[in-house]
Amino acid sequence: MNNASKLPRYLFNYLAILLLLISIGVPAATPELIVNIDVLRQQYGQSQSHWPVIQTADNRKVAPLAPLKMVKKKLNYAQVELGNMLFHDQNLSRDGSVSCANCHEKRIAFSDARAVAIGIENQQGNRNTQAIFGVDHWTSFFWDGRANSPEQQALMPIENPLEMDLSITEALVRTNNNPAYQPLIQNAFAKKSLNADELGSALAEFERSLPMPHSRFTQFIEQAMQQPKIAIAQLSDAELHGLHLFRTKAKCMTCHNGALLSDNQFHNTGLNFYGRKREDLGRYQVTNNPNDIGKFRTPSLLIINQTSPWMHNGLFTQMLGIVRLYNAGGARPKRPENFKNDPLYPQTSSLLHQLNLTKDEQNDLVTFLDML
């Protein structure tokens, strides 16, 4: 008994279970899960520098998990107030029926819970609405990266014919002629009327003021920075195993890394439907570079439970379906005969390959993603 008490707890537990199984005639399971969970609790109960090494598809070092913080330390609250009014103003659409807030609803992380955006006259867009948070962490905006700053991004939906369909010139006329805006413009810019740059600045400043994501994951990663043992104790075995898979075998952090859980890059997951009904050429429509056909910006995974459906076209409503897609190495449609000699036919990213996750591993990964 004295020798047994010196055994590591996980090994002692396994031996006890093994003896019980033998005594009742049940074949013993492998010790992998029992051993790994205890070991994982020990490893992840330390500072992040002692966590298992992050695995990526290309063996590249990436930024570790971290809390997402506001970049701009001091907001211009006069511009925030003006931007808030502009953000909710349906008069910035051609027919006065749609505002920015129609597609970015506060109750669901400033997304819209639709597969694709709906603009004036119920016109359907061709891409899924992304949530708004941490705007200064992005190096580009929209799924195809056509905007380079939050200020530039803020103006584009106003002119988009499928969204608000109003020229910026007319938007400024309507705003500057509205008496309700006069004191707000004066407070924000010390003048009587806005120009296009100031319109974009006010909207962007309002977006900067939006709260950072809050979830069990954000609580966990905040606490893990200071009290890792307490933080890891809050996770179930499935959540802990899912976290470990996310960082290692599933190689999720190849693209979903750092505080933003996005690499700010563009990748082809095989969902471009090239030559078919849902075709979307993605980044290529901005760069005209054949290598960018079918590439889309990596979305953040923060608060994904509030932003379903997912992917650039809102194709997925179940997270397990996405995990299965990546477990298979992404979508790799067979090249049709009539595209055999097409030099533009897109190739799924080489970063994606079969992961060989078991069903239990896939389920545990989903359990961790649910924390987000």
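Some observations on this one:
- Qualifying residues in the stretch 131-163 (those that are acidic (Asp, Glu) and outside any loop (DSSP other than H, G, I, E, B)) - the one surrounded by the fewest Cβ atoms within 10 Å (Cβ to Cβ): 136
- Any chance residue 335 is basic (Lys, Arg) and more than 17 Å from residue 246 (Cβ to Cβ): yes
- Exclusive hit being surrounded by fewer than 16 Cβ atoms within 10 Å (Cβ to Cβ) and within 18 Å of the chain's Cα centre (by Cα), set 367, 317: 317
- Contacts under 8 angstrom Cβ, first residue in the stretch 57-73 being in contact (Cβ under 8 Å) with a residue 24 or more places away in the chain, partner in a loop (DSSP other than H, G, I, E, B) and charged (D, E, K, R), 6 or more apart: 57/251; 62/263
- Residue in the stretch 141-174 that is nearest to residue 294 (Cα to Cα), counting only those that are touching a residue at least 40 places away in the same chain (Cβ under 8 Å) and either outside the structural domain of residue 121 (by TED's automatic domain parsing) or touching an Asp or Glu at 6+ places or on another chain (Cβ under 8 Å) (or both): 157
- Looking at 300, 308, just one residue is within 26 Å of residue 358 (Cβ to Cβ), in a loop (DSSP other than H, G, I, E, B) and under 16 Å from the mean Cα position of the chain (by Cα), and that residue is 308.
- Count of residues meeting criterion [in contact with a Gly (Cβ under 8 Å, 6 or more places away or on another chain), surrounded by fewer than 21 Cβ atoms within 10 Å (Cβ to Cβ) and of a type in the set (S, T, N, Q)] in the stretch 265-301: 0
- Among the residues here, residue 80 qualifies as surrounded by 15 or more Cβ atoms within 10 Å (Cβ to Cβ) and not in a loop (DSSP other than H, G, I, E, B).
- Members of the stretch 39-56 found to be touching a residue at least 12 places away in the same chain (Cβ under 8 Å) and assigned to a helix (DSSP H, G or I), listed by number: 39, 40, 41, 44, 48
The values are calculated or read from the model by the stated rules, or taken from the named source; none is laboratory data. A quick note: this is a predicted structure, and the numbers were derived from the prediction, not measured. Every residue, glycine as well, gets a Cβ built from its backbone with ideal geometry; the counts of neighbours run over all protein chains shown.
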